[in-house]
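The values are calculated or read from the model by the stated rules, or taken from the named source; none is laboratory data. Keep in mind that what you see is a predicted model, and the values were worked out from it rather than measured. Heads up, the Cβs are rebuilt from the backbone with ideal geometry, glycines too, and the neighbour counts pull from every protein chain shown. What goes into the accessible areas is simple: the full protein's heavy atoms, side chains included, and nothing from ligands, DNA or RNA. Shrake-Rupley method; radii C 1.70, N 1.55, O 1.52, S 1.80 Å.
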Amino acid sequence: MRSKPDWHTYSMGIALAVRARADCTGNRVGAILVKDRFIIATGYNGTPSGTPNCSAGGCERCAYPERFPSGQGYDLCVCVHAEANALLMAARVGISTNGSTLYSTMRPCFACTKELLQAGVRAVYYLHPWRHPDAAYQQAYERLQDRFPDGVHHLALEDPDADWATRSRRKP
């Protein structure tokens with residue numbers, strides 16, 4: 001008999017399902033915000049609503065990866081990160097994120113970390129690690145992530161689509 005997954009495994013499984021909608025040609029990420037065990041918002045990374053998707057040339061950085069070494073050209077990337085999209089979805093429909101928990105298939109970047117803290121997210125659970133592309137800023141990133149009242153936690157779960165999810169055209 002199969003046992004029920006714990007709440008963290010269950011929530012990350014849903015974030016993995018949300019990731020299937022991501023259209024970024026680099027990393028594909030899915031995220032959900034949970035409050036009192038209820039999903040209040042979902043998000044995946046991709047271009048803003050009404051603009052061409054990455055796979056259709058909508059993002060300069062994704063369309064021409066050979067022009068942008070790893071960690072560069074983010075100012076030309078028009079993709080909205082999964083975590084930010086989850087926050088924006090909640091805002092669009094008037095749902096408070098204060099006191100919520102984020103489950104993301106990738107550890108939130110520096111910018112998303114700031115936004116999540118400002119929105120009152122208390123804890124983060126992630127599947128795949130993320131490091132700041134400039135090692136000089138990694139310590140500042142980690143200090144910022146230490147500000148989540150209930151912490152940042154890596155979930156050591158198997159990702160059935162790990163190769164697909166973290167494949168980047170910029171890597172050899």
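The figures follow:
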{"read-out": "Nearest 10 degrees, 0 to 90: helix 82-92 Cα axis against the chain principal axis", "value": "70 degrees"}
{"read-out": "Evaluated over segment 82-128, the Cα radius of gyration and Dmax, each in Å", "value": "9.8, 30"}
{"read-out": "Share of carbon and sulfur in the accessible heavy-atom surface of the chain [1.4 Å probe, %]", "value": "51 percent"}
{"read-out": "Convex hull volume per residue for segment 1-140, taking Cα atoms only, in Å³", "value": "132 Å³"}
{"read-out": "Extension gain from R37 to S55, taking 0.36 nm per residue of separation minus the Cα-Cα distance", "value": "3.1 nm"}
{"read-out": "DSSP-defined beta bridges in the chain - what % are antiparallel, rounded to 5", "value": "60 percent"}
{"read-out": "Ranked by how many other beta carbons lie within 10 Å on average, peptides 54-62, 151-159 from highest", "value": "54-62, 151-159"}
{"read-out": "Accessible solvent surface per residue of segment 1-68, calculated while the other protein chains remain in place, 1.4 angstrom probe, Å²", "value": "57 Å²"}
{"read-out": "Alpha-carbon centroids, segment 1-23 and segment 38-103: separation in whole Å", "value": "20 Å"}
{"read-out": "Among S104, G120, G57 - extreme Cα towards positive end, dipole of segment 28-160, charges at beta-carbon", "value": "G120"}
